[in-house]
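First comes the structure, then the notes that go with it.
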Amino acid sequence: MKKSKNFLLALIVVLLLSGCQREKKIIPYTEPLPTPKFSLYDYGTEEVVDYGKYGTFVGVGTKNYKYVIKDQEGLSKAVGEGIFPNTTSFRWDPKYQEYRKKGLLRGSHWNFLYGSDLLANFFKWCSAPEPPGVRQFYIANILERAGLIGHAVKAYYAIVVHFPGTYGWTYWHTPWYIGPTSLYRVKFLLRRYPELKMKLVDASISIINGQDNDIRNDEVIVNPGKIVRVKKSEDALPKKVSLRGVKIVKELGGKKTKLIKYANGHWQLIVDDRPYIIKGVTYSPTKIGQSPDDGTMRNWMYYDYNKNGLIDGPYDAWIDWNHNNKQDANEGPVGDFAIMKAMGVNTLRIYHHPDKVNKKLLRDLYKRFGIRVVMGDFLGMYTIGSGAEWTEGTDYTNPVHRKNMMESVKRMVEEFKDEPYVIFWLLGNENNYGVANNAKTNPDAYYKFANEVAKMIKKLDPTRPVAICNGDMLFFDKFAKYCPDIDIYGLNSYRGNSGFGDIWEVAHRLAPDKVVMITEYGCPAYAKGMSREEIEKAQALYYLGCWEDILFNSAGWDGFGNAIGGFAFEYLDEWWKGYEPFVHNTESRWPGPFIDGFMYEEWLGLFGQGDGKDSPFKREPRRVFYYLRKVWRD
């Protein structure tokens, strides 16, 4: 492959400008307690509430758990304003009376969730006509965003104690279990702000049968544990677990890549005989104006718009360091592969179809930049590989569709099994959500078929494990039952800036011999009514919270030990997703746990494309680039 004369110089420049020398390891990331954005009328008499003084815990560790209040007045005084069972003291707050008289609390409580006046939001939600667990969660969330971290911890923990089985519904009409979310939110806040000198111990909430859409068969097993004081800030942080001398009790995979299980239940990914955690990104550098919807999107692995003999994104991309939307003298072409290496990226997620894979390009990615790939087949998602028409969708019981998909996967494995850059195989892309296929309506058929495919892969290539890419934890119980030959559970998950909640616990409980990989996680760099600086910091902290959650549940930490890494979604903004490929759309697509409560799918990049000129070459680094570079390069 032809090299630019300035390539080596440009690589040196980007390494120097980006400060990519190794830095002191900062694990975990912590922040000083923020300055509160408003004050409370009633903070309560106890920072760490002793619930045992005011009531009785019944059925701890069982589905019959409940907390019975014996002294409601005493507990209300202890917890303070806005925290159950204290649902009235906010009304005596002079500021509440002022807001009410001025008419500042009129309208739907949902309009007060992400408004700029956090105190108004707090007052409105204290009396919102929602189930008490739902109301308490949003009160806690507002307190957290207002910088009242200690009070937010009390509010989230009140859900664990009083309403562990409460639920809401997502935009996709799947159950959202607020109890486990709140429990892990407490853990996250106490880790992020260790100067509180508190730790949550022995707490757990397990939702039995919680992987389907039917809440009627749920059983909630609860141990509320307790929040305890610790002597030093460091005592509130996660701890390393030594694996030295721990016996290996199981191995999956083969010579190229394997998964090993230790006697303590932790799993580790081994690539070329060395421990490996996936620091991955999804890479699809789409030129502005191109879209798959109108058939104009070209294959990034081949296009060379400036006709210099080099593939544009990988080798000719340049960084607009000062965000002035022009290429300055010190911003020569560097290429995304060099930038990724400087960030600490070690893995890309690639599919072998529908576009042709450039094997020469991926060999160079591995040989010169040390970056490997997970190679995937869509397994009928979007009808790719099945031969089905979009209107009928892939049918996992249809023998013709099944044969076509088997042949597609076989072609993939036979073509790439001798490539040194492939670490393992991946099946599907959140097929369980049922886009142009029937996996959502017939999950048994889908997971049984996926397992058949995995068995075929292992006959063709016994040197690597096999993974699946699911949409979050929907039908995980089906996966655990029907997929004994799939080694890695991958999932696309967007659960918020504290990570992935109970994913690790559910996987450990239902499938202790499976490891977990986050195939997508991310956050848009856009929000209504916020400055660019505020948005970029929030996006960076979102990614960092997710990465830390992955890390703390990987081998050698004190989590569940079943995480092997994840893929940030995504490397570069794509402008086509709002159906106007020449416009950087700022219309929200769906509500979710993001900066202002909404997803903006055209803004998910670690890098932006600026004003759209100089695409596909320009890269505008966001703050998340610097954050991930620091933790990934350690």
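General remarks:
- In the set Lys279, Lys239, only one residue is touching a strand residue (DSSP E or B) at 6+ places or on another chain (Cβ under 9 Å), of a type in the set (D, E, K, R) and under 30 Å from Glu602 (Cα atoms); that residue is Lys279.
- Some residue of the range 368-390 being of a type in the set (S, T, N, Q), within 30 Å of Trp172 (Cα to Cα) and out of contact with any helix residue (DSSP H, G or I) (no Cβ under 6 Å at 6 or more places or on another chain): yes
- One residue from Gly605, Gly561, Gly566 being in contact with a strand residue (DSSP E or B) (Cβ under 9 Å, 6 or more places away or on another chain), part of a strand (DSSP E or B) and crowded, with 20+ Cβ neighbours inside 10 Å: Gly566
- Matching residues, the range 210-221, being part of a loop (DSSP other than H, G, I, E, B), of a type in the set (S, T, N, Q) and farther than 17 Å from Gly501 by Cβ: Asn213
- Residues that are under 29 Å from Trp176 (Cβ atoms), surrounded by 15 or more Cβ atoms within 10 Å (Cβ to Cβ), touching a strand residue (DSSP E or B) at 6+ places or on another chain (Cβ under 9 Å) and not charged (D, E, K, R) occur at least once in the range 69-83.
- Answer residue from the range 404-440, given it is aliphatic (A, V, I, L, M) and part of a loop (DSSP other than H, G, I, E, B) and is surrounded by the most Cβ atoms within 10 Å (Cβ to Cβ) among those: Ala439
- Test: residue in the range 501-518 that is closer than 26 Å to Phe112 by Cα and either within 13 Å of the chain's Cα centre (by Cα) or not in a loop (DSSP other than H, G, I, E, B) (or both): yes
- Flag if Gly499 is in contact (Cβ under 8 Å) with a residue 12 or more places away in the chain, out of contact with any Leu (no Cβ under 8 Å at 6 or more places or on another chain) and surrounded by 23 or more Cβ atoms within 10 Å (Cβ to Cβ): yes
- Looking only at the range 113-128, and only at residues there that are closer than 21 Å to Ile535 by Cβ and not small (Gly, Ala, Ser), the one that is surrounded by the most Cβ atoms within 10 Å (Cβ to Cβ): Asn121
- Here the condition is being among the basic types (Lys, Arg), in a helix (DSSP H, G or I) and surrounded by fewer than 24 Cβ atoms within 10 Å (Cβ to Cβ); of Arg191, Arg185, it holds for Arg191 alone.
- Which listed residue is closer than 18 Å to Leu572 by Cα, assigned to a loop (DSSP other than H, G, I, E, B) and touching a residue at least 24 places away in the same chain (Cβ under 8 Å), from Pro333, Pro314: Pro333
- Tallying residues that are over 19 Å from the mean Cα position of the chain (by Cα) and surrounded by 17 or more Cβ atoms within 10 Å (Cβ to Cβ) within the range 156-178 yields 12.
- Of all the listed residues (Leu379, Leu348, Leu361), the sole one being touching a residue at least 60 places away in the same chain (Cβ under 8 Å), at positive phi and crowded, with 16+ Cβ neighbours inside 10 Å is Leu379.
- Per-region count, the range 242-269, residues in a loop (DSSP other than H, G, I, E, B), over 24 Å from the mean Cα position of the chain (by Cα) and either touching a residue at least 24 places away in the same chain (Cβ under 8 Å) or closer than 30 Å to Ile178 by Cβ (or both): 6
- The residue list Gly133, Gly147 contains one member that is under 25 Å from the mean Cα position of the chain (by Cα) and assigned to a loop (DSSP other than H, G, I, E, B), which is Gly147.
- Close Cβ contacts (under 9 Å, 6 or more residues apart or on different chains) running from residues in the range 611-626 that are at pLDDT 95 or above to residues that are surrounded by fewer than 17 Cβ atoms within 10 Å (Cβ to Cβ) and among the acidic types (Asp, Glu) comprise Lys618/Asp611; Arg623/Glu533.
- Residue pairs whose Cβ atoms lie under 7 Å apart, sitting 6 or more positions apart in sequence or on different chains, and linking a residue in the range 432-446 that is β-branched (Val, Ile, Thr) to a partner that is part of a loop (DSSP other than H, G, I, E, B), are Thr441/Gly434.
- Qualifying residue in the range 524-533 (condition: farther than 30 Å from Phe112 by Cα, buried (at least 24 other Cβ atoms within 10 Å of the Cβ) and under 23 Å from the mean Cα position of the chain (by Cα)): no
- Filtered by the rule that a residue be within 27 Å of Tyr600 (Cα to Cα) and either surrounded by fewer than 24 Cβ atoms within 10 Å (Cβ to Cβ) or without any contact (Cβ under 8 Å) to a residue 60 or more places away in the chain (or both), the range 505-522 gives Val516, Ile518, Glu520, Tyr521.
- Members of the range 199-228 that are in contact with an Asp or Glu (Cβ under 8 Å, 6 or more places away or on another chain) and over 14 Å from Thr166 (Cα atoms): Lys199, Ser204, Asn209, Gln211, Asp212, Asn223, Gly225, Lys226
The values are calculated or read from the model by the stated rules, or taken from the named source; none is laboratory data. All values reported here derive from a predicted model rather than from experimental measurement. Using ideal geometry, Cβ is built from the backbone for each residue, glycine included, and neighbour counts are taken over all protein chains shown.
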